[in-house]
Amino acid sequence: MEQTLVLVKPDGVQRGLVGEIITRLERRGLKLNGLKLMQMTRELAEAHYAAHVGKAFYAGLVEYITSGPIVAMVWEGKDAIAIVRKTMGATNAGAAEPGTIRGDFAVEIGRNLVHGSDGAESAAREVGLFFGDDGLVSWERATDRWIRE
Ligand code: IDP
Ligand code: MG
């Protein structure tokens, strides 16, 4: 089953949106495999955002993501990566569709509340970065057969 890394970024934690974001992913039908509150170190931020080194927003991005506690989660499901990305909405929150997390609760790209892995390779890499080899729980959910046929 596909897994994806989701972060509630520091603005989401500060604004009291952790529960709201978890609720949306839960209600969508995805399954939680791991969850922790933590503060990202600069080293972890640099590893996580390695693909963005050299971009104009990189320094501000590392500053932002390390500026306060975050909630790191692993969500599981068929096509979980794409489903999370759709549920989050566009990166530029100002243009994100209403009904998405970013479109309902955020107004700009630099304070867009959530992270979700963008592909299978980055998901595997990011889940490893935040949760290592353990810390994840695979479990049977009684409602699984009411969510997928
Ligand atoms: P994503 O988070 O939707 O995958 P990416 O392009 O991977 O978007 O960018 C990573 C993060 O970097 C964004 O979520 C946002 O926090 C930040 N970011 C991207 N582009 C900009 C920008 O132009 N200004 C400020 N922050 C940006
Ligand atoms: Mg990305």
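The values are calculated or read from the model by the stated rules, or taken from the named source; none is laboratory data. Here the structure is a predicted model, which is why all the values come from computation and not from measurement. FYI the Cβ positions are ideal-geometry reconstructions off the backbone, even for glycines, and counts take in every protein chain you see. Note: areas computed on protein heavy atoms with side chains; ligands, DNA, RNA excluded. Shrake-Rupley method; radii C 1.70, N 1.55, O 1.52, S 1.80 Å.
At the residue level, Lys78 shows approximately 110 square angstrom of accessible surface with a 1.4 angstrom probe and all protein chains present. The count of lysine pairs in the chain with alpha-carbon distances below 21 Å, taking only pairs 8 or more places apart or on different chains, stands at 7.
Express the accessible area of the stretch 101-149 per residue in Å², computed with a 1.4 Å probe while the remaining protein chains stay in the model.
On the way: 3290 Å² over 49 residues.
I get 67 Å² per residue for the stretch 101-149.
The heavy atoms of Leu129 present about 60 square angstrom of accessible area, all protein chains included, probe 1.4 Å. Ordered by solvent-accessible area of protein heavy atoms (1.4 Å probe), largest first, the residues Trp146, Trp75, Trp139 come out as Trp146, Trp139, Trp75.
Got a sec? What order do Phe105, Phe131, Phe57 fall in by accessible area at 1.4 Å, biggest, i.e. largest, first? Walk me through the numbers before you get to the answer.
Working: Phe105 55, Phe131 20, Phe57 105 Å².
The residues order as Phe57, Phe105, Phe131, largest area first.
Charged side chains reduced to their Cβ positions (Lys and Arg at +1, Asp and Glu at -1) give the stretch 59-149 a dipole of some 220 debye around its Cα centre. Of the whole protein surface, Val13 contributes about 40 Å² of accessible area at a 1.4 Å probe radius. Where the alpha-carbon atoms of the chain are placed on the principal axes, they occupy 46, 36, 26 Å, in descending order.
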